[in-house]
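First the structure, in the form of structure tokens, and then the observations on it.
The values are calculated or read from the model by the stated rules, or taken from the named source; none is laboratory data. Here the structure is a predicted model, which means the values were calculated and not measured. We place every Cβ from the backbone using ideal geometry, glycine too, and count neighbours over all the protein chains shown. Only protein heavy atoms, including side chains, enter the accessible area calculation; ligands, DNA and RNA are left aside. Shrake-Rupley method; radii C 1.70, N 1.55, O 1.52, S 1.80 Å.
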Amino acid sequence: MTDARSLAWEVLLEVADGERAEEALRRRLSDSGLAAVDRHLAYELVLGSIRWRGLLDYSLDALTASPLHAMQPALRELLRLGAYQLVKLDRVPAYAAVNSAVEAARSKRSTRRAAGLVNAVLRRLDRERPLPPSYDNDPARHLSVVHSHPRWLVERWLERYGPERTRALLENDNAPRPTWVFGNPPAGAVDAGDFEPLEGFPDAWRYRGEADLTTRPEYTAGLIFAADPATTAAPVLLNPRSGEKVLDAAAAPGGKTAHLRRLGSDDLRLVALELSRPRRAALAAAVKRLGLRAAVVGGDLTAPPFVPRSFDALLLDAPCSNTGVLARRVEVRWRLKPTDLERLANLQVSLLRSAAGLVRRGGRLVYSTCSLEPEENLGVVRRFLKKRKDYHLDGLTAADPGRAGLPPEHFTLKDGCLSSLPGESGLDGAFVAVLAAD
């Protein structure tokens, strides 16, 4: 097994234990000494094996006597890793995928006795490709298997979006997402050869370089930061004004803080709140790298360390299901459960109510998520407004996004709120509502 494959297997085991795929990859690769081509292969193997887990498990379960979920984690992840190379990576020869998996099985005490099973199952998979369930008989199951998403989520989207829009959404989730960057300050200089301007978003570029973005001189010098263009909507609609005191609640990893600073005047007083200590450290590092004038504060928004009604404006990008960013957060689709939506919506309402107490009368509160689910978006806004009569929805009109500099072709207006749908907008999924304090 090559170093890239060995590293990928170890990362997959960490993800199975609850780690985030991207974070585990960065940590493992930082001191791996792998060449660029092997680093790219490791990324491809990890993210692809997780994205396509549903299809891989369906195919492997058809060829094994016992289901994958009953196997020990190391064997299960190794079979998925080998199956991904056979099913989805044309450039990897079948013999290399099979042989490397067998050698890997022999290298660990926990999987040594299963090397023969690994060899037999993967060789059979190379010869036989189980047919997916029929679309005509069961559309949700077919789409769930072929596009590797949990069935319950596919059923929700089919009911809301219909077959064609759902298929486009599923395909988007399985495609590698671009790396977008913004200038800091807005006129930040980049090498035009590796950065492609994004039409409709001034000072935004798609990074097409081979090197890790974080090693680029533009990045280390603080001239750019990475963020999907959909994340600009909430800061833009908050519209920080001269002399205001603005709170970015739940601020990590810092993209919206950077956008707020870019949009605000020199006398804007910007505070970034983050509860998690590790995420707060990463936020502080980003603020320092970018040279942002912003105070990073630790604390819980449900018991905020601020005087009531002490902010002119507040941005709450709430913790959510992340169903609008499943292309980036590849492990989330397999961790999310239907019951999580109600739990998260209750948390979001609680956070929104706490945030509301920090905004002065006449101020504004922007609520945003990267979820596509109505319970977490308009449902939360309506639940909040039912209890807080001192707020109202400052409903957006068709002209507002364009006036604010947001390309209307990337966003949808409904019920006075703004959203973007992956697969149609070309951006990540986002929801934004502007609430006014009476």
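Counting each DSSP H run of 4 or more residues in the chain as -39500 (n - 2.57), what helix-only mean residue ellipticity at 222 nm follows after dividing by all residues, to the nearest 500 deg cm²/dmol?
-13500 deg cm²/dmol
How far, in degrees from 0 to 90, does helix 378-387 lean away from the longest principal axis of the Cα atoms of the chain, to the nearest 10?
That helix lies at roughly 40 degrees to the long axis.
Stick to Cα atoms and the Kirkwood definition of Rh, then tell me Rg/Rh for the range 1-152.
0.96
So what are the ³J(HN,Hα) numbers for the range 80-93, from phi and the Karplus equation (6.51, -1.76, 1.60; θ = phi - 60°), rounded to whole Hz, Gly and Pro as x?
After applying 6.51 cos²θ - 1.76 cosθ + 1.60, I find 4, 4, x, 5, 4, 5, 6, 8, 10, 10, 5, 7, 9, x Hz.
How large is the Kirkwood hydrodynamic radius of the range 258-411, counting all unique pairs of alpha carbons, in Å?
Across the range 258-411, the inverse of the average 1/r is 17.3 Å.
Kindly write out, for the range 208-219 in residue order, the coupling ³J(HN,Hα) from the Karplus curve 6.51 cos²θ - 1.76 cosθ + 1.60 (θ = phi - 60°), rounded to whole Hz, with x marking Gly and Pro.
10, x, 7, 6, 4, 3, 5, 9, 6, x, 4, 6
Give me, ordered by chain and number, the residues 5 or more places off Val325 or on other chains with an amide H under 5 Å from its own placed amide H.
Under 5 Å from the amide H of Val325 lie the amide H atoms of Gly429, each far enough along the sequence or on another chain.
Say we join alpha carbon atoms closer than 10 Å with springs in a Gaussian network model of the chain; which of Thr339, Thr302, Thr232 then has the biggest fluctuation?
Taking springs between Cα atoms under 10 Å, the residue moving most is Thr339.
Just to be sure I understand: with springs between alpha-carbon atoms less than 10 Å apart, which residue in Thr215, Thr166, Thr111 has the highest mean-square fluctuation in the Gaussian network model of the chain?
Top of the fluctuation ranking is Thr215.
Starting from the Cα of Glu164, step 7 Å along the direction of its Cβ; do the same at Asp438; then give the gap between the two resulting points in nm.
4.3
For Val297, enumerate residues with amide H under 5 Å from its amide H, sequence gap 5+ or separate chain, H modeled in the peptide plane.
Ala272, Leu273, Glu274
Please report the carbon-and-sulfur percent of the accessible area for the chain; probe 1.4 Å, protein heavy atoms only, DNA, RNA and ligands left out.
51
Going from the alpha-carbon gyration tensor of the range 56-139, what semi-axes, largest first and in whole Å, does one get by taking the root of 5 times each eigenvalue?
Working: eigenvalues 105, 49, 18 Å².
Each semi-axis is the square root of five times an eigenvalue, giving 23, 16, 10 Å.
How many percent of DSSP beta bridges within the chain run antiparallel, rounded to 5? Could the numbers behind the result be given before it?
Details: 25 of 43 bridges.
Here the share of antiparallel DSSP bridges comes out near 60 percent.
Picking from Arg177, Arg160, Arg39, which is most flexible by a Gaussian network model of the chain using Cα springs under 10 Å?
Arg160
Restricting to the range 194-334, what percent of DSSP beta bridges are antiparallel, rounded to 5?
Taking every DSSP beta bridge with both residues in the range 194-334, the antiparallel ones total about 20 percent.
Any idea of the accessible area per residue across the chain, 1.4 Å probe, to the nearest Å²?
44
Whole-Hz Karplus ³J(HN,Hα) for the range 112-125, in order, using 6.51 cos²θ - 1.76 cosθ + 1.60 and θ = phi - 60°, x for Gly and Pro?
4, 6, 9, 4, x, 5, 4, 4, 5, 5, 5, 5, 5, 5
Given a 1.4 Å probe and heavy atoms of the protein chains only, how would you sort Glu10, Glu103, largest accessible area at the top?
From most exposed to least exposed: Glu103, Glu10.
Past the 30 Å Cα-Cα mark, which pairs from Lys288/Lys386; Lys389/Lys414; Lys245/Lys389?
Details: Lys288/Lys386 40 Å; Lys389/Lys414 22 Å; Lys245/Lys389 24 Å.
Cα-Cα > 30 Å for Lys288/Lys386; rest within.
Which cross-chain or sequence-distant (5 or more) residues have an amide H under 5 Å from the amide H of Leu268, H modelled 1.01 Å from N in plane?
Residues meeting the amide H criterion: Gly243.
Send over the per residue convex hull volume for the chain, Cα only, as a whole number of Å³. Intermediate values should be presented prior to the final figure.
Values: hull volume 65.5 nm³, N = 438.
Convex hull volume per residue, Cα atoms: 150 Å³.
For Lys88, go through the lysines and keep the ones whose alpha-carbon is under 21 Å away, minus same-chain ones fewer than eight residues off.
none
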